[in-house]
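One structure, pasted below without further comment.
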Amino acid sequence: MYEDEYAYVQQYFNGRPWRDVTLQGLWDEYPGPPDACLTFMSSEGFCYFLPAYLSIFVLNPNAADVVGDAAVSSLIPTRIDELTFWQRQRFQQFNGEQRDVIVQFLQYVYTYYADDYAHHDMQSALEYWIQ
């Protein structure tokens with residue numbers, strides 16, 4: 001099953017500019033579940049396409065649904081030991097300016113959608129990204 005997701009990500013995102021990734025496109029054209037995409041990207045792909053997901057959330061917070069949830073969840077540091085190395089590889093791809101944007105995004109979510117993300121440790125995520 002996971003092999004399919006990697007193939008879907010490769011097929012859909014390869015050569016596509018991040019600005020061309022839209023909520024409607026993910027729902028209509030992506031062959032798998034659109035909330036799984038970020039998980040199955042390489043570290044470089046994750047860094048490159050994350051702005052599309054952040055934009056989708058900010059521009060369509062109610063319609064983004066699981067795609068928006070995936071953007072938020074992808075930025076929450078894991079507490080699962082087996083995933084920390086994988087996640088650290090992804091997170092260290094971001095430069096200072098990109099980290100600042102991530103902090104602003106998480107602050108936006110924490111300020112306006114805290115109830116929707118109460119099950120996430122948003123405070124810890126903010127602390128992680130601010131450091």
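Just to check, using Stokes-Einstein with a Kirkwood Rh over alpha carbon pairs, what's the diffusion coefficient of segment 1-78 at 20 °C and 1.002 mPa s in µm²/s?
Numbers: Rh = 12.4 Å.
Here the translational diffusion coefficient equals 173 µm²/s.
Compute the Rg/Rh shape ratio of the chain: radius of gyration over Kirkwood radius, all on alpha-carbon atoms.
Result: Rg/Rh = 0.94.
May I pose another question? Only loop residues by DSSP count here, and only those with at most 14 other Cβ atoms within 10 Å; note down the trypsin sites (Lys or Arg not before Pro) in segment 39-131 that meet that.
Working: sites: ARG79, ARG88, ARG90, ARG99; in loops: ARG79.
Answer in residue order: ARG79.
Now for a separate question. Kirkwood hydrodynamic radius, segment 20-64, all distinct C-alpha pairs: what's the number in Å? Intermediate values should be presented prior to the final figure.
Numbers: mean 1/r = 0.0922 Å⁻¹.
After inverting the mean inverse Cα-Cα distance, the result is 10.8 Å.
Output the DSSP H helices from the chain with an along-axis C-alpha extent of no less than 20 Å and a mean Kyte-Doolittle hydropathy no less than 0.5. Provide the component values of the computation, followed by the final result.
Details: long enough: 43-59 (24 Å, 1.36); 96-112 (24 Å, -0.19).
TM-like helix candidates: 43-59.
Which whole-number value in Å² is the accessible area per residue of the chain, probe 1.4 Å? If you can, show how the numbers build up before the last one.
On the way: 7690 Å² over 131 residues.
Accessible area per residue: 59 Å².
Please report the carbon-and-sulfur percent of the accessible area for segment 1-99; probe 1.4 Å, protein heavy atoms only, DNA, RNA and ligands left out.
Numbers: 2820 of 5670 Å².
Here it works out to 50 percent.
Expressed in nm to one decimal, what extension gain is obtained for the pair ALA118 and GLU29 from 0.36 nm per residue of sequence separation less their Cα-Cα distance? Write down the numbers at each step before the final one.
On the way: separation 89, 0.36 × 89 = 32.04 nm, distance 3.11 nm.
Stretched out fully, the ALA118 to GLU29 stretch lengthens by 28.9 nm.
Step by step: find N for segment 76-117, compute 2.2 N^0.38 Å, then divide the Cα radius of gyration by it. What's the final number?
Working: Rg = 12.4 Å, N = 42, 2.2 N^0.38 = 9.1 Å.
Compared with the compact-globule rule of thumb, segment 76-117 sits at 1.36.
The values are calculated or read from the model by the stated rules, or taken from the named source; none is laboratory data. Predicted model, so just to flag it, every value in this text is computed and none were measured. Because the Cβ atoms are built from the backbone with ideal geometry, glycine has one as well, and the counts that use them run over all protein chains shown. Surface accessibility is based on the protein's heavy atoms, side chains included, excluding ligands, DNA and RNA. Shrake-Rupley method; radii C 1.70, N 1.55, O 1.52, S 1.80 Å.
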